[in-house]
Amino acid sequence: MKTLYLRIVYITLIVMVLSSLLGFLGANLYYQVKLKPVNDEKIMKVAKEIKQYYLTNDEVKIENYLEHIGELGYEVLKVNQAGDKKYFGEAFRKTAIYQKVIDDVLAGEPYHGILNFNTGWFITGFFDNDVRNTVGVEVEGYALFIRPSQEDQFGELRIFIAMIAVFTGIISVIAVFIMTRFIVKPVRMLTKATKAFSKGETITLPTKRQDEIGQLARSFEEMTTELSLAEQKRQEFVANVSHELQTPLTAIQGFARILQNQELSKAEREKYLRIITNETNRLSGLTNQLLLLSYLDQTDELLTPEEVRVSEQIQQFTASTEWRWRAKNIFIQMETVPALVLANGPLLYQVWQNIIGNAINYTPIDGEINIKMSHDNDFLFVSISNTGDKIPADDLAHIFERFYQADKMRERTEESSGLGLAISAEIVKRHRGTIQVESNDEETIFTVMLPKHK
């Protein structure tokens, strides 16, 4: 298995090799196109100056003169009419040259071998020690072929450049291994943190970095925090569901055992049967609410959306619960508008059922409930307020959380499971709306905002 560390090392080394190769090819191409003519012209100028100096100094012997030229760092080949060759200076690596070239130079035609010398892509002609890679001039019946001696003129420089290349390569490879380890270290820490998180442990990540690694570390920590909160909520949800299911089941089981007593009177049996029926209904309602929450959690789509007149739904629910609020002598004041929304009718009805139902439950005897509707060009607003005790600020911040009433607010009503407001919030969210609550010493107000259907 190739690790990320080795992959980065391999890729970096490949890039280094390819870039070096492409750099050499580019330099060679530049030499072939730009530098060869310049170099050929420069060496040709030297050859003509050598010829001119010899022609203007009769006392100079050509053999001695060429020996001196060779000592100055040039490679020289002298060829006479008979084809005899003599070399001066450093020896040529390749000495073959066409006879026609010799004949042309002896005839007085300059030879531009450096300009016309053909080399491959991986051979720089500047360093090719070949007789053909020279310039040629005719001097007093001799053909002179001349080129600089790379060993004499550039020997130390070539070694120096080679040493630079070697040390650069070695240092670069070592740096690649070290820097790659530095780059991969945060990723390894992230892997370690992932394994630790799966075991319930935590590990500190380099979140202060301002690069992509730091951003990834911060995102990972945010994710672990959210997952931890989700797991905590899941455990609380399971515990609350178990508690809510256990309460009616325990009551049903207990009263069922009591009914097995044959000495109970008819009135007592009817009383216990009513209790069992009520607990069964409560259990059924809780199950239905859990199923509805499960449905809402699994989809963002609304099934069969239709035009819904909210005022009719609210009037229908208040009419169906009239016996409840009249029993507490609650006064309901209602202001409606005939605005339409595009919604799932049964789901939206559940919202008014939960909010208005809670208002009826928590409004004291002789209290008041106000339902006010308004709208603008885009939204419908439904405000439902009721008199009664103020909801504490700590409870208000969590009122739309699932089963919250099953803990701190249970004493308000035994009929509540703590799911109604959570369901209402999810339904309103699915309808692209919002729900808010505020509470003071005089009243508690729920405000629902829904997009109007135009």
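No lab work stands behind these numbers, since they all come straight from the coordinates. This is a predicted model, so every value here is computed, not measured. Backbone-built Cβ (ideal geometry, glycine too); neighbour counts: all protein chains shown.
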Fill in the blank from the handout: Extension length gain for Leu106 and Val187 (0.36 nm per residue less Cα distance), in nm, is 21.8 nm
Problem - 5 angstrom amide H check on Glu75, placed H, neighbours 5+ away - result: Arg147, Ser149
Practice task
Grab the Cα-Cα distance for Arg93 and Glu270, subtract it from 0.36 nm times how many residues apart they are, and report the gain in nm with one decimal.
Solution key: 51.5 nm
Problem - Simple spin-label estimate for Arg7 and Asp441 in nanometres, 7 Å along Cα-Cβ - result: 6.6
Problem - In nm, spacing of pseudo-spin labels at Asn64 and Lys454 (7 Å Cα→C-beta vector) - result: 10.9
Handout entry: Amide H contacts of Leu380 (H built 1.01 Å from N, under 5 Å, at least 5 apart or other chain)
Key = Leu450, Lys452
Handout entry: Two-site label geometry, Asn118 and Asp394: point separation in nm, points 7 Å out along Cα→Cβ
Key = 9.4
Practice task
Work out the FRET efficiency for Leu22 and Ala165 from their Cβ-Cβ distance, taking R0 = 22 Å, and round it to the nearest 0.05.
Solution key: 0.90
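Strictly over 25 Å apart at the Cα level, which of Lys48/Lys78; Lys34/Lys85; Lys233/Lys429; Lys61/Lys94 would you flag in this model?
Lys34/Lys85; Lys61/Lys94
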Problem - Interchain or long-range residues, amide H under 5 Å from Ile330's placed H - result: Asp366
Exercise for the section: Report the calculated FRET efficiency for Ile258 and Lys199 (r = Cβ-Cβ distance, R0 = 60 Å), to the nearest 0.05. Expected result: 0.75
